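The values are calculated or read from the model by the stated rules, or taken from the named source; none is laboratory data. Note that this is a predicted model, so its numbers are computed, not measured. A quick note on method: Cβ atoms are made from the backbone with ideal geometry, for glycine too, and the neighbour counts reach across all protein chains shown. Protein only, heavy atoms only, side chains kept; ligands, DNA and RNA dropped before computing areas. Shrake-Rupley method; radii C 1.70, N 1.55, O 1.52, S 1.80 Å.
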Amino acid sequence: MKPTIISRPRVVLFAAMALAVQGAFAQTLTAPAERISDQAIVADQAGYKALQQRVKALNDKGVPVSNYYLSKAQCWLDVSLHEYTRNDRSAFPQQALAQGAAIVGALETGATPNPGDQTPLVNDAAKLRDDLWARFGAVKSGAGFSCAAQKVACAEVELVHAGNEFNQQGWRHANPYIQIAEDNLQAAQASAAACGGAPVAVAAAPVPGAAPAVVVEKLTLAADALFRFDKSGLPDLLPAGRARIDSMMIKLDGVYAQISGIKLTGYTDRLGTEAYNQPLSEKRAATVREYILGKGFAGDIVSAGKGEADQVEACTGVAPRAALIGCLQPNRRVEVEVTGIKR
């Protein structure tokens, strides 16, 4: 009697093959907690070298260095190694390396779509500078992109790198990588234009001897969205409040080439005594200052409180008390005055 052969469904076979391919191309670093011996570090360095050799082999076989996918794989490898050598114990080095390995694997097998079509925010990196992402998207969709592909690919990776640094250490540590992305954007636009793309807009030359214009801009943060009810300390900052301050500083970084100073002024509503409201307004402004400094802002920043002064809503005759509290909400605020030079 012939043995009975039970064949698996084709979809299962294809899934198994895909997993095998993925495993073959994976690059795995030693877990951070175990990265404490020379042997572990040597093994990780060998992993980086192995992926670099695969990139080189693709180039030797005819994939040009300027290829968008090969460039992106190389840049993921570079930022992973950069953070690994700086002893980044987060998931960023591993996840960035995995992105590079996945792109290389697709190039080696001819798989489509290539994972490099996407630029994931690995390690939950913050998405900084929407304006730069949009401008890189415009270069990618325009004529002449083939000449600008390398700069675009690496800039996209550097923006993710910046977002990871922002989460871990604040704006000051993110800025160098944002600057790399900005420099790459200029180079990409110029390359695309020289290759038949749309001409690059040239900014008007500054008048010799003219000082850059210093502007003063005022913003408002709602205190109710920042702090727990009737609280003012750093532990009392709500997650949504922290996100609002982060978002404000990211936007300011995109608008201003230089911020010479920030003034924070806290306010309360008219309910309660002046003796209570004045210190509450001061403490809330001081806490916002502490939070911004803790995120890496290196400029001059001062805080003050004005209690129930300068009310923006009088709410005369509003009742009951719950309705009055809601009506007075705009008075409970932290005003932000920014002085600087815009880009």
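Summarised as an ellipsoid, segment 286-343 has semi-axes of 32, 13, 10 Å, derived from the eigenvalues of the Cα gyration tensor scaled by 5 and square-rooted, with the largest first.
At a probe radius of 1.4 angstrom, the accessible area of the chain per residue rounds to 53 square angstrom. For segment 135-294, the ratio of Cα radius of gyration to the globular rule of thumb 2.2 N^0.38 Å stands at 1.40.
Taking 29 Å as the straight-line reach from the Cα of Lys127, the lysines in range (excluding those fewer than 8 positions away in the same chain) are Lys72, Lys140, Lys151, Lys218, Lys251, Lys263, Lys295, Lys342.
Calculated translational diffusion coefficient of segment 117-171 (20 °C, 1.002 mPa s; Stokes-Einstein with Kirkwood radius over alpha-carbon pairs) equals 182 µm²/s.
Per DSSP helix of 4 or more residues, -39500 (n - 2.57); summed, then divided by the residues of the chain. What does that give at 222 nm, rounded to the nearest 500? After summing the helix terms and dividing by the residues of the chain, the value is -18000 deg cm²/dmol. In the P(r) worked out for segment 201-343, what percent of Cα pairs fall beyond 19 Å? I get 55 percent for the Cα pairs in segment 201-343 exceeding 19 Å. Over all orientations, segment 27-89 has a Cα convex hull whose mean projected area works out to 4.3 square nanometres.
For the chain, the ratio of Cα radius of gyration to the globular rule of thumb 2.2 N^0.38 Å stands at 1.31.
Per the Debye calculation on segment 65-113 with a single equal scatterer at every Cα and no solvent contribution, log₁₀ I(q)/I(0) for q = 0.13, 0.15, 0.19 Å⁻¹ amounts to -0.31, -0.39, -0.58.
Where does helix 171-194 land angle-wise versus the long Cα axis of the chain, in degrees 0 to 90, nearest 10? Approximately 60 degrees, to the nearest 10.
Only one residue of Ile341, Asn331, Ala149 has its Cα farthest out toward the positive end of the dipole of the chain, where Lys and Arg carry +1 and Asp and Glu -1 on Cβ, and that residue is Ala149.
Assuming charge only on the beta carbon of Lys and Arg (+1) and of Asp and Glu (-1), the dipole of the chain about its Cα centre is about 760 debye to the nearest 20.
Distance distribution note for segment 244-288: the fraction of Cα pairs above 16 angstrom is 53%. Less than 5 angstrom separates the built amide H of Glu308 from those of Thr268, all sequence-distant by 5 or more or on a different chain.
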